[in-house]
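Peer 1: Can you keep this structure in mind? I'll have questions shortly.
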Amino acid sequence: MNIETQKQNRQIGMLVQDFTSQVVDFYNHMETQPVCHSVPSETLTHLENQDIPSHGRPVQTVYSEMLRDVYSNTLLIQHPRSFSCVPSTASLLSWMGDVMTNAYNPHASCQVNAPAPDLIEKKLIRWMCDLAGYPASGGGLFVSGGSIANLTALTAARDARLTYDERSRAIIYVSDQTHSSVAKGLHIIGFSQEQIHIIPADSRFCMDMDKLQAAVKKMFPIIKSLLPSLHPQVRQTQGVLIPLQIFLHFAKNMTCGFM
């Protein structure tokens, strides 16, 4: 490594130390900050008028600009009074884990590349399977977030329940509380909007099982394979969990698939 690169790395290291100190202070006094910051119009104008430079700018300049103009002008979804969107972690332990993992950037696609991370992932998944009551044959994988998790589960459910020729005849039942990522995922894996049927939720924001049963019976003479789209093990709506056994009983009686 040449001298100039080593010098820049030392500067980056000092900035990381400064950033860590600021983050800790930010979290320790987060409750004194407003959840929503009013973004000064001149800040947006400044960013809008910036050109993409042909050469990189000094790292200290970019660092200061990010803190001043970007990070300080966002909705604090990790704030204790923030109840919108999907909240980010409020734990610095999780943040530290992300920083460490990103710094070393292990390629955990297979055991050969990263045997220790691969082992840890398998042990954690097995632990979670035990908590959920899954058999020894159960397994899984970690993904980047809820949208990708839904896409993965939808694909697995499709392939487990439908042949290729049956896919165009399948009906997907979702409640009116279902996250938009489900419809997006269904579109990605080949289902049309007309195949998605929305079932009203009850007063507890859970899918109304009587209305679901009536909807399935109405379509039953037309289709051979049905795929109610539900959350893995239990369907999460607005903080409400529907017991798995309800869906198991329903799916068994109606010859349906669920996820």
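Peer 1: Would you check if there is a residue in segment 136-151 being surrounded by fewer than 16 Cβ atoms within 10 Å (Cβ to Cβ) and in contact with a Pro (Cβ under 6 Å, 6 or more places away or on another chain)?
Peer 2: At the first step, the residues of segment 136-151 found to be surrounded by fewer than 16 Cβ atoms within 10 Å (Cβ to Cβ) are 136-139, 141-146, 148.
From what's left, in contact with a Pro (Cβ under 6 Å, 6 or more places away or on another chain): none.
Within segment 136-151, none of the residues are surrounded by fewer than 16 Cβ atoms within 10 Å (Cβ to Cβ) and in contact with a Pro (Cβ under 6 Å, 6 or more places away or on another chain).
Peer 1: Restricting attention to segment 109-127, which residues are among the hydrophobic types (A, V, I, L, M, F, W, C) and surrounded by 13 or more Cβ atoms within 10 Å (Cβ to Cβ)?
Peer 2: Our first condition is that a residue be among the hydrophobic types (A, V, I, L, M, F, W, C); within segment 109-127, this holds for 110, 112, 114, 116, 119-120, 124-125, 127.
Those that are among the hydrophobic types (A, V, I, L, M, F, W, C) and surrounded by 13 or more Cβ atoms within 10 Å (Cβ to Cβ): 114, 125.
To keep it simple, each residue is scored yes or no on (1) farther than 30 Å from residue 143 by Cβ; (2) charged (D, E, K, R); (3) in the same structural domain as residue 179 (by TED's automatic domain parsing).
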residue	(1), (2), (3)
25	yes, yes, no
30	no, no, no
37	yes, no, no
42	yes, yes, no
58	yes, no, no
71	no, no, no
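Peer 1: Here's something else I'd like to know. Which one of these is among the polar types (S, T, N, Q), within 30 Å of residue 23 (Cβ to Cβ) and out of contact with any Pro (no Cβ under 9 Å at 6 or more places or on another chain): 168, 181? Give the derivation first.
Peer 2: On the way: 168 fails: within 30 Å of residue 23 (Cβ to Cβ).
Unique residue meeting the criteria: 181.
Peer 1: Moving on. Name the single residue, out of those in segment 55-93 being in a helix (DSSP H, G or I) and surrounded by fewer than 11 Cβ atoms within 10 Å (Cβ to Cβ), that is farthest from the chain's Cα centre (by Cα).
Peer 2: First, pick out the residues of segment 55-93 that are in a helix (DSSP H, G or I): 59-73, 92-93.
Next, only the ones that are surrounded by fewer than 11 Cβ atoms within 10 Å (Cβ to Cβ) stay: 61, 93.
Working: 61: 33, 93: 19 Å.
Here the answer is 61.
Peer 1: Where in segment 128-220 are there helices (runs of 4 or more DSSP H), lying wholly inside it, with at least 2 residues that are more than 24 Å from the chain's Cα centre (by Cα), of a type in the set (Gly, Ala, Ser) and at pLDDT below 90?
Peer 2: Numbers: elements: 146-161, 180-188, 209-219.
It comes to 209-219.
Peer 1: Can I ask one more? Kindly establish whether residue 162 is closer than 23 Å to residue 217 by Cβ and among the aliphatic types (A, V, I, L, M).
Peer 2: Details: closer than 23 Å to residue 217 by Cβ: yes; among the aliphatic types (A, V, I, L, M): yes.
Against the criterion (closer than 23 Å to residue 217 by Cβ and among the aliphatic types (A, V, I, L, M)), residue 162 qualifies.
Peer 1: Any residue in segment 43-58 that is of a type outside the set (D, E, K, R) sitting within a Cβ distance under 7 Å of a residue that is modelled with pLDDT under 90? List the pairs, counting only those 6 or more apart or interchain.
Peer 2: 43/73
Peer 1: Next up: Kindly indicate which of 162, 212, 186 is more than 30 Å from residue 84 (Cβ to Cβ) and buried (at least 16 other Cβ atoms within 10 Å of the Cβ).
Peer 2: 162
Peer 1: Let me ask something additional. Just give me the residues in segment 147-189 being under 22 Å from residue 204 (Cα atoms) and touching a residue at least 60 places away in the same chain (Cβ under 8 Å), in sequence order.
Peer 2: Within segment 147-189, 175, 177 meet the criteria.
Peer 1: Under 18 Å from residue 103 (Cβ atoms) and either part of a helix (DSSP H, G or I) or of a type outside the set (S, T, N, Q) (or both): is that true of residue 23 in this structure?
Peer 2: On the way: under 18 Å from residue 103 (Cβ atoms): yes; either part of a helix (DSSP H, G or I) or of a type outside the set (S, T, N, Q) (or both): yes.
So residue 23 fits the description; yes.
The values are calculated or read from the model by the stated rules, or taken from the named source; none is laboratory data. What you are looking at is a predicted structure, and each value in this text was computed from that prediction instead of being measured. We place every Cβ from the backbone using ideal geometry, glycine too, and count neighbours over all the protein chains shown.
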